[in-house]
Amino acid sequence: MKKLVALCIIGLALGTAGVFAEHPDGWGLGIVGRGGYGGFGPALSLKAPPLPIYWGINLLIQPGYFGVNVTGDYYIIDKALVPDINLDWYFGVGGYASLGSWSDGKGPYNHDGFALAAGARVPIGLSWEFLEHFELFGDIYAGLGLWIVPIKFPDWTVGGEIGIRYWL
């Protein structure tokens with residue numbers, strides 16, 4: 001089953017390699033609100049012109065838990081959905097790295113601790129470009145990875161985010 005899923009993802013990536021990006025080519029800076037199984041909190045969004053990667057720097061906040069998470073997504077599909085109003089949709093693949101600490105027995109071993117995790121993620125979302133340089137976007141995502149410290153598998157997350165980005 002894992003091989004079939006991997007083949008489908010590779011086939012989708014290869015089959016859509018020629019899709020033209022709908023997002024602007026310059027610098028994009030934004031603020032984001034995130035929520036889901038992996039935590040809740042504010043985030044910053046960054047898109048630098050030479051790289052086709054959308055970066056996120058996120059704070060993860062839950063009772064008894066605090067963490068920082070960095071994501072990087074490559075949009076395999078980035079196409080117009082309703083061109084007349086600049087509404088696009090995107091599908092991507094990416095990765096994440098998380099660093100966190102907890103107290104009050106909220107961790108995987110019911111004691112205070114520290115964790116480092118990394119894995120892959122898949123976002124799918126909508127993007128609406130309005131005015132001249134602004135973009136409102138929202139997506140849902142799923143991620144699967146490994147806790148490196150302490151060793152634990154799986155580290156999985158699901159959630160959503162909504163944000164606004166300014167294109168320079």
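From Cα pairs below 8 angstrom and at least 6 apart in sequence, can you work out the relative contact order of the range 84-153, rounded to a whole percent?
For the range 84-153, the relative contact order is 32 percent.
Let me know the Kirkwood hydrodynamic radius for the range 45-104, please, with Cα pairs as the basis and the value in Å to one decimal.
Result for the range 45-104 stands at 13.7 Å.
So how do Glu135, Glu129 line up by other beta-carbon neighbours within 10 Å, fewest first? Could the numbers behind the result be given before it?
Details: Glu135 22, Glu129 19.
Neighbour counts put them in this order, fewest first: Glu129, Glu135.
For the pair Tyr65/His133, report the inter-label distance in nm, with labels modelled 7 Å from Cα in the Cβ direction.
Between Tyr65 and His133, the label points sit 3.8 nm apart.
Give, in nm to one decimal, the length gained when the segment between Tyr166 and Ala97 is fully stretched (0.36 nm per residue of separation minus the Cα-Cα distance). Write out the running numbers ahead of the final one.
Working: separation 69, 0.36 × 69 = 24.84 nm, distance 2.49 nm.
Gain on extension, Tyr166 to Ala97, equals 22.3 nm.
No lab work stands behind these numbers, since they all come straight from the coordinates. These numbers were taken from a predicted model, which means no experiment stands behind them. Quick reminder, even Gly has a Cβ in these numbers, built from the backbone with ideal geometry, and neighbours come from all protein chains shown.
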